[in-house]
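Here is the structure we will look at, set down as C-alpha cells.
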C-alpha cells in the first residue's frame, strides 16, 4: 500500500497517510476520472470502509481528497450516521486530520497560506474555494480546459456531457449561463472546468 500511495501523494505524507488508512481499516480504490467528483466514501454492506479517489489528480489534490474522505469515515464512526455529511463534525474532523500535513515538507510554500485559510472553515469541496483551486490547478498535467471565469462574457463552452452553454453575468458568487439548445439558465461555480469553444476566425 505504501508503494501505491507514493505514486499519488507527496513523499513526506506517505507514512502518516498509510497509518491513517491502516488505523481506520480503509479499503482504498484508485479509479479512472469521474467528472462530477474527485473521491467518495461509502460503508459497504459487509462493513468495509471503501474510499475511492480519482487517479488523475495531482499529488496535492489527491492528498486533500483522500483526507477529506477519511474524515467522513472518522466523523460517521465517532458521531453516528445522522450527522450532516459536511456539517460541523466533519469540518472539525477534517481540520484535525489535515493539520499535520499543512507543512513545507508536504506542500509547496506558496500553497501553505491558501491551505491555512481554507482549513479555517473547510468547504464540501476544495473546488468551491476559487483561490485554492486555481493554485492547485498549476500542478495539474496540462489540459485543454478553462475555468468559467476565464470564458469571456457571451462566449460558448461545452460540458463533459456535450451540452453547450453561453456565459452570462455573474450573480453574487456564480455565473448565469444559458444552455443553447433549451434556453434554460443554469448557475455555475466560477472555477468549474469546461471546454471553451473559441470562435472560428
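The values are calculated or read from the model by the stated rules, or taken from the named source; none is laboratory data. Here the structure is a predicted model, which means the values were calculated and not measured. Cβ sites come from the backbone with ideal geometry, for glycine too, and all protein chains shown count toward neighbours.
Observations
- Residue 112 passes every criterion in (1) assigned to a helix (DSSP H, G or I); (2) modelled with pLDDT of 95 or more; (3) over 26 Å from residue 193 (Cβ atoms) apart from (3).
- Positions within the stretch 73-98 being within 17 Å of the chain's Cα centre (by Cα), within 16 Å of residue 40 (Cβ to Cβ) and surrounded by fewer than 19 Cβ atoms within 10 Å (Cβ to Cβ), in sequence order: 85, 86
- Residue match in the stretch 161-181 (condition: under 19 Å from the mean Cα position of the chain (by Cα), in a loop (DSSP other than H, G, I, E, B) and modelled with pLDDT of 90 or more): no
- The stretch 120-149, subset touching a strand residue (DSSP E or B) at 6+ places or on another chain (Cβ under 9 Å) and assigned to a loop (DSSP other than H, G, I, E, B), residue surrounded by the fewest Cβ atoms within 10 Å (Cβ to Cβ): 144
Yes/no per residue for (1) in a strand (DSSP E or B); (2) buried (at least 22 other Cβ atoms within 10 Å of the Cβ); (3) at negative phi; (4) at pLDDT 95 or above:
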position: 40; (1), (2), (3), (4): yes, no, yes, no
position: 45; (1), (2), (3), (4): no, no, yes, no
position: 50; (1), (2), (3), (4): yes, no, yes, no
position: 56; (1), (2), (3), (4): no, no, yes, no
position: 62; (1), (2), (3), (4): no, yes, yes, yes
position: 66; (1), (2), (3), (4): no, yes, yes, yes
position: 71; (1), (2), (3), (4): no, yes, yes, yes
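- The listed residues are 157, 107, 101, and the only one of them that is in the same structural domain as residue 188 (by TED's automatic domain parsing), buried (at least 17 other Cβ atoms within 10 Å of the Cβ) and touching a residue at least 40 places away in the same chain (Cβ under 8 Å) turns out to be 157.
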